[in-house]
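Input: a single structure, listed below in structure tokens.
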Amino acid sequence: MIEKLKKPSAFVPLALLAVVAVIPFVLPDSQYEEAILITCFLFVIMASGWNLISGLAGYVSLGHSVYLGIGMYTGAILGKLWGVDAMWLMPLGALMAALVAMVIGFIVLRTRSHAFVIITIAVLLSFQLLAANLKPLTGGADGIVVPPPSWAFELGNTPYYYIFFVLMLLTIALSAFVMNSRLGAGLVAIRNDEGKAASIGINTTLYKVTAYTLSAIPFGAAGAVYGQYLSFVNPLGAFAILTSVYLVLAALIGGRATLWGPVIGGFIVAIANEVSTVVAGGVSARVLIMGLVLVLTVMFMPAGLLPTISNRIKRNKESKSAVKFIDQAAIAKQNDDVQIDNIIARSKSASSYAGPILEVKGIVKRFGGVTAVNNVDLTVERGSITGLIGPNGSGKTTLFNCMTGTFRPDSGQVLLDGVDITGDQVWTRAHEGLGRTFQITRLFKSMTVLDNLVAPLEKTSARQMVAGRYSGDEVDRAREVLDFMGLGQFEKQNAAALSFGQQKLVELAQILMLRPSIILLDEPASGINPTLIGKLASVIKRLNDAGTTVLIVEHNIPLVLSLCDTVHVLAAGEILLSGTPDEVRNDPQVIEAYLGPDHLLEADNV
Ligand code: ADP
Ligand code: MG
């Protein structure tokens, strides 16, 4: 993104902004034009702010103008109380909006998709009601008159023009900063797949609440000025649902999750709104026209104006250069020279506990009437490759989910290095050294392979969140891990462009970035071609040689029996047997329940 700002594509909007900056000087009698542009700036401020939580993280808020209203009331109430111009209370408006957003965000961000959208509208309407009823403070439905500043008659709109203009620039800068940071990368990961993001160490709650809070700040600051600009603040005006709809429309038209999309969209919506008012008059005609614009956007440009155009340009370029052929066989050649120990190993001091690295005790997990996992005890010895096998539906994935924290077991305990982690969050377990791949790979499909590898976080810290997304040694390590896996040539490919098997290897590479002490692999060999299976087996062996413990769920019995030191057999949610590969291979119960009589032949072929 930083690079993008330097590219010529950023010159266009920056040049346009420079033109906008001098308009009041160039056009001497421009009060009307200035008023329209002030509305444009306001919409850019709001759409860009909204974009931080709803564009980047994908949590669509339809009530975000609540923070504009909070800024308006903060300015009006405190301005009156202290006898100062409301507009100078911008920082307090921003602070108030941020505080309210932090509290509300913490509550509402527990819901998602439709429920989240509806709750955000409810929050907006609640504030409208609150403002109408807190009469001593807000003046109730009558509202508060905000006296104009002393310079208003002399200077007209021009000072407002520059205040909103600067606020707009600051909002765009904030937005660029977030997008370039690890916070921004994490938010995009959350939009792609929140559960996956948590499993690679991203503290999703913290990330979402931070983005939600930051998104409210531009609204609050602008609100304090806007109230004085309108010279009147009342519940229906300050907490208008239509404002929320317009600002969402602005971001959608321009292109959400982009830096300049909400900027372009803000100008389009504000100007279209003005034109439809002039041409068609009344509010209902205006809403009708804006509704039509929304429908057309969603139908013909679902990604928004900016992404649609840039994709078209990119496609033209790509069709001229030959598309790179992905060589299935090349991947099987592993770079044996890569020294993996220092790339992936945890520091030796990570754990001094001598007992089993992972232990589950009496785990029970029910889904309604189904008991998927029933009182399972299981131990994974440090430094081992341990297998977990069992028929489909026997509870293997559910057990993994209990170990990693995706599910809370109904009873039982999970111990990592002897410490009870049953109550820990998914990301905390990732930080503590528990890495996990999924049965159906869950890479971030909108990201490149390299970005997928840079996304995992070994810890959460404020410094980490504000750091540039490619800062630190992650990129170098990611390249080394990719080389180790033989995936180096794919770093710039989109994750979605890889074959299923390649994606599985990338997912394993992604987990290695966490320097896990134990890796849980859920059916790593299913659906991948035989060449890659051989490759996978050698990777697992080398990781294990380097000190990583592996717990592997797999239906490929020859693979499991050849790799593992110990194998646990699960049937109908219960442990049937735990033993060495030989014990498992020869156990009559296991043969009957799972392996079938032919397995001996297969095992000989490995
Ligand atoms: P395996 O991985 O061994 O094939 P699973 O752990 O996926 O088995 O499933 C075990 C049982 O739990 C199955 O009966 C499955 O239908 C049920 N199950 C798994 N996940 C859920 C869920 N999220 N909701 C309801 N039932 C589930
Ligand atoms: Mg499964």
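Readers should treat all values here as calculations from the given coordinates under stated rules, not as data from a laboratory. From a predicted model like this one, the values you see are computed outputs, not experimental measurements. Glycine also receives a Cβ, built like all others from the backbone with ideal geometry; neighbour counts cover every protein chain displayed.
State to the nearest 20 debye the size of the charge dipole of the chain about its Cα centre, where the only charges are +1 on K and R beta carbons and -1 on D and E beta carbons.
The calculated dipole for the chain is roughly 1400 debye.
Could you sort 219-231, 542-554, 114-126 so that the peptide with the highest average Cβ count within 10 Å comes first and the rest follow in order?
Details: 219-231: 27.2, 542-554: 20.2, 114-126: 16.3.
The densest-packed peptide leads the list: 219-231, 542-554, 114-126.
With r as the distance between the Cβ atoms of Leu230 and Ser471 and R0 = 45 Å, compute the FRET efficiency 1/(1 + (r/R0)^6) and round to 0.05.
0.55
Would you calculate, for the chain, the mean residue ellipticity at 222 nm contributed by helices, counting each DSSP H stretch of 4 or more residues as -39,500 (n - 2.57) and dividing by all residues, to the nearest 500? Before the final figure, lay out each step's value.
Details: 28 runs with 338 residues, N = 606.
About -17500 deg cm²/dmol.
To the nearest 20 debye, what is the magnitude of the charge dipole of region 345-605 about its Cα centre, counting +1 on the Cβ of each Lys and Arg and -1 on the Cβ of each Asp and Glu? Please report the intermediate quantities before stating the final value.
Details: 24 positive and 30 negative charges, 202 e Å.
Using Cβ point charges on Lys, Arg, Asp and Glu, region 345-605 gives about 960 debye.
Considering only Phe500, Ala467, Phe490, whose Cα is most displaced toward the positive end of the charge dipole of region 345-605, charges sitting on Cβ of Lys, Arg (+1) and Asp, Glu (-1)?
Ala467
Would you be so kind as to identify which of Thr120, His431, Ala509 lies farthest towards the positive end of the dipole of the chain, taking Lys and Arg as +1 and Asp and Glu as -1 on Cβ and the Cα centre as origin?
It is Thr120, whose Cα lies furthest towards the positive end.
Specify the angular offset, from 0 to 90 degrees and rounded to the nearest 10, of the alpha carbon long axis of helix 530-545 from the longest principal axis of the alpha carbons in the chain.
The angle comes out near 90 degrees.
What ratio of Cα Rg to 2.2 N^0.38 Å holds for the chain?
1.14
Express as a percent, rounded to the nearest 5, the fraction of DSSP beta bridges in the chain (both residues included) that run antiparallel.
Percentage antiparallel, nearest 5: 60.
Would you be so kind as to identify which of Ser352, Val590, Leu99 lies farthest towards the positive end of the dipole of the chain, taking Lys and Arg as +1 and Asp and Glu as -1 on Cβ and the Cα centre as origin?
Among Ser352, Val590, Leu99, the one farthest towards the positive end of the dipole of the chain is Leu99.
Hey, can you grab everything whose amide H is under 5 Å from the amide H of Leu570? Only 5+ residues off in sequence or another chain; H modelled, so Pro and N-termini drop out.
It is Ile389, Gly390, Leu576, by chain and number.
About its Cα centre, what dipole magnitude does region 453-606 give when the only charges are +1 on Lys and Arg Cβ and -1 on Asp and Glu Cβ, stated in debye to the nearest 20?
Charge dipole of region 453-606: 880 debye, to the nearest 20.
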